[in-house]
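> Got a structure here, written out as structure tokens. Questions coming.
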Amino acid sequence: MKHALTGFLTAWLLLCGAAQAAEIEGVKLADKVQVGGAELGLNGAGVRTRVFFKVYVGVLYLQKKANAMEAVLADAGPKRIAMHLLRDLTAEQLFSALNDGLKNNHAPEHLAGIEPQVRQLEGIFNAVKAAKSGDLILLDYLPGTGTRVTVRGEDKGTIPGEEFNRALLRIWLGNQPADASLKRAMLGG
């Protein structure tokens, strides 16, 4: 009887632990989120560092787990990139970092093809003016609609185009990611 009870308690504790969401740098991450009516699961998360500063916790949510950039880019379904800020950033700092990531992972002719969407993203961040530590920025890809940008729970606009969303994903998952350790973490490594 004692062994059965010990086995039951061990199994119960393991199940309870598996049901809890991940936590990184004090940020609790949901195991599942709803995007455009679809349930997405936590694919991976990590910390974006610049020099030695912790900038944000980056999180990737997908419908189906993926451990390679190609699989994420080939998936035409909804996706979410979440950035839980760990420090204050101006709109210029935020957009500049994203724009650098775009430039590092795309040829100039490819960037020229998404220039209107990049300018729309810049306009959204300029309207926000600044993001503070504790703020949450969501980049939700909604198939057939585009990338919805949400800051502090407010919808700030939707940028059309699947190719634009793929370009954004390459900032974190591309051959020259913003942070190689964050890329590995977002891909479940």
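The values are calculated or read from the model by the stated rules, or taken from the named source; none is laboratory data. Keep in mind it's a predicted model, so treat the numbers as computed, not measured. Every residue, glycine as well, gets a Cβ built from its backbone with ideal geometry; the counts of neighbours run over all protein chains shown. Please note that ligands, DNA and RNA were not included when accessible areas were found on the heavy atoms of the full protein model with its side chains. Shrake-Rupley method; radii C 1.70, N 1.55, O 1.52, S 1.80 Å.
> For the pair residue 90 and residue 110, what calculated FRET efficiency results from E = 1/(1 + (r/R0)^6), where r is the Cβ-Cβ distance and R0 = 25 Å, to the nearest 0.05? Write out the running numbers ahead of the final one.
Working: r = 27 Å, r/R0 = 1.09.
So, using R0 = 25 Å, E works out to roughly 0.35.
> Another one. Under 8 Å for C-alpha pairs, at least 6 residues apart: give me the relative contact order for the chain, rounded to a whole percent. Display every interim value, and only then the final one.
Values: 331 pairs, mean separation 42.0, N = 189.
Over the chain, the number comes to 22 percent.
> Given the DSSP H assignment, sum -39500 (n - 2.57) over each helix run of at least 4 residues in the chain and divide by its residue total; what's the result at 222 nm in deg cm²/dmol, nearest 500? Let's see the in-between values first.
On the way: 7 runs with 78 residues, N = 189.
Taking each H run of at least 4 residues, the total per residue is -12500 deg cm²/dmol.
> Given 4 °C and 1.567 mPa s, how large is the Stokes-Einstein diffusion coefficient of region 29-87 in µm²/s, with Rh as the Kirkwood radius over Cα pairs?
On the way: Rh = 12.2 Å.
Value of D from the Cα-based Kirkwood radius: 106 µm²/s.
> What number results when the radius of gyration of region 116-184, computed over Cα atoms, is divided by 2.2 N^0.38 Å? The partial results should precede the final answer.
Details: Rg = 12.6 Å, N = 69, 2.2 N^0.38 = 11.0 Å.
Relative to the rule-of-thumb radius for its length, region 116-184 sits at 1.15.
> Hey, another quick one. In region 28-80, carbon and sulfur make up what percent of the accessible area (probe 1.4 Å)? Provide the component values of the computation, followed by the final result.
Details: 1440 of 2630 Å².
Its accessible area is 55 percent carbon and sulfur atoms.
> For q values of 0.17 Å⁻¹, compute log₁₀ I(q)/I(0) with the Debye formula on a Cα-only model of the chain, without solvent.
Once normalised to I(0) and log-transformed, intensities are -1.12.
> When each pair of different Cα atoms in region 68-170 is counted once in the 1/r mean, what is the Kirkwood radius in angstroms, to one decimal? Walk me through the numbers on the way to the answer.
Working: mean 1/r = 0.0716 Å⁻¹.
Kirkwood hydrodynamic radius for region 68-170: 14.0 Å.
> What trypsin sites (Lys or Arg not before Pro) in region 42-99 are in a loop by DSSP, with at most 14 other Cβ atoms within 10 Å of the Cβ?
Values: sites: 48, 50, 54, 64, 65, 79, 80, 87; in loops: 64, 65, 87.
Here the trypsin sites (Lys or Arg not before Pro) that fit, given the DSSP loop and packing criteria, are 64, 65, 87.
> Points 7 angstrom from Cα along the Cβ direction at residue 154 and residue 39: gap in nanometres?
3.2
> Take the alpha-carbon centre of region 25-79, take the same for region 100-152, and report the distance between them in whole Å.
16
> Under 10 Å, Cα contacts only: if you run a Gaussian network model on the chain, which one of 74, 30, 97 comes out with the highest mean-square fluctuation?
Largest GNM mean-square fluctuation: 74.
> Turning to a different aspect of this structure: For the chain, what is the accessible area per residue in Å², given a 1.4 Å probe and the full set of protein chains? The partial results should precede the final answer.
Working: 9880 Å² over 189 residues.
Normalised by residue count, the accessible surface of the chain is 52 Å².
> As I understand it, the dipole of the chain uses +1 on the Cβ of Lys and Arg and -1 on the Cβ of Asp and Glu, about the Cα centre. Which of 22, 35, 57 lies farthest toward its positive end?
Among 22, 35, 57, the one farthest towards the positive end of the dipole of the chain is 22.
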